[in-house]
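Participant: One structure, as structure tokens, below. Some questions next.
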Amino acid sequence: MSLDVSPALLEQAERGEVDEAEFVDCVRTSLPFAWDMISNLVARLKVDGGDFADNTTPPPDEHARGQLLRALASDSIRGALERHFGVKLAFQNCHRVAVFPLGAASDAPHTRFTSVRSQILNQSPELRDC
């Protein structure tokens, strides 16, 4: 299971619309490693500026890696995180998360980061089984 959904949030979903802020809070508490990584990258992007901020350090264990996979592989979770933080997210190799500012200025760097070429250049033997 990806998220620890409270009974109240489940009731909201069963009735219809879900408050996105409550969903984002559910993601925050259910996937703390992923949340912290993305939060820190967003803060770094705001402080340092630049085209993007990214993480190149593999997670400390499979549990943490699983949180990143669940957060970034789910369209609804990823979309909610992008809207909450006001960024565009990108993901490579089970751990390399990048945050891009919104707007046309970030289109070219995002396209380069998510290109086939970039994916190939980001490979290494230790990442074969991630």
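Computed from the coordinates by the stated procedures, all read-outs in this text should not be read as laboratory data. This structure is a prediction, so every number in the text was calculated from the model and none was measured. In this analysis, Cβ positions are derived from the backbone assuming ideal geometry, glycine residues included, and neighbour counts consider all displayed protein chains.
Participant: Go ahead and collect, in residue order, the members of the range 1-22 whose backbone nitrogen is under 14 Å from a label point 7 Å along the Cα-Cβ direction of Ala73.
Facilitator: 1-3
Participant: A follow-up question, please. How big is the Cα convex hull of the range 33-105 in projection, averaged over all directions, in nm²? Can you show the working numbers first?
Facilitator: Numbers: hull surface 18.3 nm².
About 4.6 nm², averaged over all directions.
Participant: Report the label-to-label distance for Asp48 and Thr111 in nanometres (one decimal), using points 7 Å from each Cα along the Cα→Cβ vector.
Facilitator: 2.4
Participant: Given an 8 Å cut-off on Cα distances and at least 6 residues of separation, report the relative contact order of the range 22-112 as a percent. Walk me through the numbers on the way to the answer.
Facilitator: Details: 105 pairs, mean separation 30.7, N = 91.
Value for the range 22-112: 34 percent.
Participant: Using only alpha carbons, build the gyration tensor for the range 22-66 and give me the equivalent ellipsoid semi-axes, biggest first, whole Å. Write down the numbers at each step before the final one.
Facilitator: On the way: eigenvalues 87, 49, 7 Å².
Equivalent ellipsoid of the range 22-66: 21, 16, 6 Å, largest first.
Participant: Peptides 17-25, 33-41: what's the order by average Cβ count within 10 Å, highest mean first?
Facilitator: Details: 17-25: 13.6, 33-41: 18.9.
Final packing ranking: 33-41, 17-25.
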